[in-house]
Amino acid sequence: TVSDDQLEDWTLSGASYNIGLFHWRPTEATIKLAKEWLRKILADETIWDQNGFVDLLRKKLGPSVEEGRGLVYAYDGTLKLGVLPASIFCSGHTFFVQGMYWQFGLKAYAVHTTFQFANRDGKRHRLREAMIFHDPPEYYDSPGGFLAFKAGIPPRLLFDGPHNTDTHFALVNYQALLTAYLYISSDTSVWLLVFVFFVFFQMKQIRTALAIASLLNRTLVMPPLWCRLDRLWFWHPGVVPGTLTRQPFICPLDHVFAVDNMQNAWPENEYGPHIDFREHTFFENPSSPHEVKEEESWLKVHLCDTKSKGCRISNATTTGRILKLPENSSEETLRAVFSRFKDVKTIQFSSMQDAFRGFTDKTRAESFRRRMKRYTGLWCCVENVTPGHIYYDMYWDEKPNW
């Protein structure tokens, strides 16, 4: 309700007050409120502490405190209440999705990891993406080194057409497009289609990158994941009205992927080897060592068409540590080529489109597929449809006649 770091306008702050961040003054009124709040939630275990607190505050709400610069009388009519500005005392949405603080040119004071998915793993990953999570030095190293790639998203997938579920899933995952057509009206499917192509374009490349990372025993540094729609727990028209969410935007990984499942130690005999990964800001983090994040030390892999002149596997890199690699290389080729570069901390592919033809060993291929099926989440939600959510599918491109 404000565009600076002043207190929110209490007359417009109609949503439930979040109790993740407090500042209490030890006045008689606040002590009285705290004691009654404690009695209330201890007496009834069905009362959520936040709801109990808000109910007490709103027993009497108003009028404004004279010359109080945003303060309002609450609770018993003597307690002075101010709603901290969401621009710098951020929720998970105003910080990670809207980026309200930087849009207003402010410095965030604190962030509360709400409005996120994938449980505690999702919270930690969001904080890592924002480079505000403290990890030990070993997190910034990997025995097998790191693998990165450039997504190379066509501008049309980011900007063409309306921002809707069609354009979003087009950028992230094609499966949602088909699901959408099954469940929604023809009018709605027009805007859902673009969203679908947006998501699938990125998801297929990430699937390939995870396969190569697994094959080479490297840790994958995720690319920035672009979305055209927000993700919530209820129907919304793409972004929540009244928010400052820009479209398209770099969305948290847990908007599309089940980050908690990606972190889990699944049985290797059933799901293949664990694939470690890092956040898309990993190379920007001051804690990342020089030999990991400095591009001068990277091996840069440029994919080439086997039909083009000079597209062959070479035994050496060109100036600037560039290595040409034919598209659709086999498992055996990738192992042989990159076995010579085990001392290189970071390998970056120019693209992951058609970089790998697939695992030779059928057992390995099936275990990898089972792992990938666990990695994806869902988008929510389409209006007036049950179920309204749409699942992402890592293998959308293998469906017959799609």
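We did not get these values from a lab; they are worked out from the coordinates using the rules stated. As the structure is a prediction and not an experimental result, all values here were calculated from the model. Positions of Cβ are generated from backbone atoms using ideal geometry, with glycine treated the same way; all protein chains shown enter the neighbour counts.
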Q: Sticking with the crude label model, points 7 Å out along Cα→Cβ, report the distance from E296 to K150 in nm, one decimal please.
A: 2.0
Q. For T363 and I313, what does the FRET efficiency come to when R0 = 22 Å and r is the distance between their Cβ atoms, rounded to the nearest 0.05?
A. 0.25
Q. Which lysines have a Cα less than 19 Å from the Cα of K35, not counting those fewer than 8 places away in the same chain?
A. K59, K60, K80
Q: Compare the peptides 203-209, 41-47 by average per-residue count of other Cβ atoms within 10 angstrom and give them in order, highest first.
A: 203-209, 41-47
**Q.** Sorted by Cβ neighbour density within 10 Å, fewest at the top, the residues K345, K373
**A.** K373, K345
(Q) Please give the charge dipole size of segment 294-379, origin at the Cα centre, charges +1 on K and R Cβ atoms and -1 on D and E Cβ atoms. Round to the nearest 20 debye. (A) 340
Q. Pairing the Cα long axis of helix 186-216 with the longest principal axis of the chain, what angle in degrees results, from 0 to 90 and rounded to the nearest 10?
A. 60
Q: Just rank W233, W37, fewest to most, by other beta-carbon atoms within 10 angstrom.
A: W233, W37
(Q) Would segment 255-355 count as rounded, prolate or oblate if I go by the C-alpha gyration tensor, calling it rounded below 1.5 in a/c and otherwise prolate when a/b exceeds b/c, oblate otherwise? (A) oblate
Q. If r is the Cβ-Cβ distance from W102 to I31 and R0 is 45 Å, what FRET efficiency results, to the nearest 0.05?
A. 0.75
Q) Just one of (i) 131, 51, 36; (ii) 63, 46, 34; (iii) 80, 52, 41 is Cα extents along the principal axes in Å as worked out from the coordinates here. Which one is it? A) (iii)
Q) Does anyone have the angle between helix 119-129 and the longest principal axis of the chain? Alpha-carbon axes, 0 to 90°, nearest 10? A) 70
(Q) If I model a spin label as a point 7 Å beyond the Cα along the Cα-Cβ vector, how far apart are those points for D160 and W233 in nm? (A) 3.7
Q | G99 long-range amide H proximity, modeled H, under 5 Å | A | none
Q) Over segment 48-162, what relative contact order in percent results from Cα pairs under 8 Å that are six or more residues apart? A) 13
Q) Among A34, A365, A211, which one moves the most in a GNM of the chain with springs linking Cα atoms closer than 10 Å? A) A34
Q. Which of these, L79, L127, L220, has the largest mean-square fluctuation under a Gaussian network model of the chain (Cα springs below 10 Å)?
A. L79
Q | Residue-by-residue Karplus 3J(HN,Hα) for segment 98-109, coefficients 6.51, -1.76, 1.60, Hz, glycine and proline x | A | 6, x, 4, 4, 6, 5, 8, x, 10, 10, 5, 8
Q: Using a cut-off of 14 Å between beta-carbons, work out the net charge of the residues near G122 (Lys and Arg +1, Asp and Glu -1, G122 not included).
A: +1
Q: Counting helices only, and only those DSSP H runs with n ≥ 4, report the 222 nm mean residue ellipticity of the chain as the sum of -39,500 (n - 2.57) divided by its residues, in deg cm²/dmol to the nearest 500.
A: -9500 deg cm²/dmol
Q. Quick one: if you stick a label point 7 Å off each Cα along the C-beta vector at R58 and S13, how many nm between them?
A. 1.4
(Q) If I build a Gaussian network model for the chain, linking alpha-carbon pairs within less than 10 angstrom, which residue out of R126, R374, R340 has the largest mean-square fluctuation? (A) R340
Q: Give the angle, between 0 and 90 degrees and rounded to the nearest 10, that separates the Cα long axis of helix 28-43 from the longest principal axis of the Cα atoms of the chain.
A: 60
